[in-house]
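Every read-out reported here was derived from the displayed coordinates using simple, explicitly stated rules and does not represent laboratory data. Quick caveat: nothing in here was measured; it's all calculated off a predicted structure. Glycine also receives a Cβ, built like all others from the backbone with ideal geometry; neighbour counts cover every protein chain displayed.
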Ligand SMILES: [Zn+2]
């Protein structure tokens with residue numbers, strides 16, 4: 001799946017998740033969606049030319065090298081008798097539920113011991129990733145939300161609210177990425193290390209007819225428009241507004 005589609009599916013998932021995290025206002029829901037959209041690009045740090053790996057070239061490039069080395073090493077250590085004889089780099093360690101849960105847990109721990117600046121740093125990374133994939137319009141949205149919080153006079157209280165769900169949103173973004181890749185031809189081993197048919201890195205995917213090619217016509221002309229529509233209609237208040245305008 002292309003980076004922008006991953007980010008868009010992450011955005012939609014964030015809007016669906018927001019009420020469960022207590023983020024009921026439009027501004028709060030947009031922040032959750034921005035975090036899940038940005039986080040939905042993180043698993044592709046295991047690819048040298050992905051958006052995440054090229055984001056801040058020297059830093060994220062080095063991080064990508066470390067991630068790929070670790071993924072390959074873990075694959076060689078844990079592969080089952082029926083697993084393929086591959087390097088185990090792209091679409092392996094970072095494309096698992098274990099990775100998503102660990103990254104979410106680590107973020108929660110890091111923010112709790114380091115304080116508000118850790119939350120601001122994590123938010124800034126998520127915003128940079130989301131803007132890179134979805135476009136500059138998101139910068140204006142984020143600035144609008146920030147001004148709204150400052151205008152209300154208590155941005156630290158809003159930040160404290162964000163730290164409560166930040167790790168969950170980052171983990172969910174990574175899981176959404178895995179689900180997206182599972183629908184493409186290559187599949188995704190996201191249940192590692194549970195052994196299935198002799199493989200600990202078993203690529204879960206639907207029947208071939210239901211899979212699509214990354215960057216192919218189905219992704220561009222069906223999945224992407226659905227994401228755009230969902231990304232608008234899932235905004236708090238958007239659906240009742242549409243129903244009202246159409247006289248429903
Ligand atoms: Zn991927």
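Per-structure values
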quantity	calculated
When the chain is reduced to its Cα atoms, the Kirkwood hydrodynamic radius in Å	18.8
Peptide ranges 201-214, 222-235 listed from the most packed, as the mean C-beta count within 10 angstrom indicates	222-235, 201-214
The chain - mean residue ellipticity at 222 nm from DSSP helices (-39,500 (n - 2.57) per run, n ≥ 4, rounded to 500)	-20500 deg cm²/dmol
Euclidean distance of C-alpha centroids, segment 149-198 and segment 39-69, integer Å	17
Spread of Cα-to-Cα distances over 10 Å intervals beginning at zero, given as percent, for segment 44-96	29, 47, 19, 4
Selected from 37, 29, 197 as most flexible by GNM, with the chain as the system and alpha-carbon contacts under 10 Å	197
Kirkwood hydrodynamic radius (C-alpha pairs) into Stokes-Einstein, segment 159-233, 10 °C and 1.306 mPa s, D in µm²/s	110
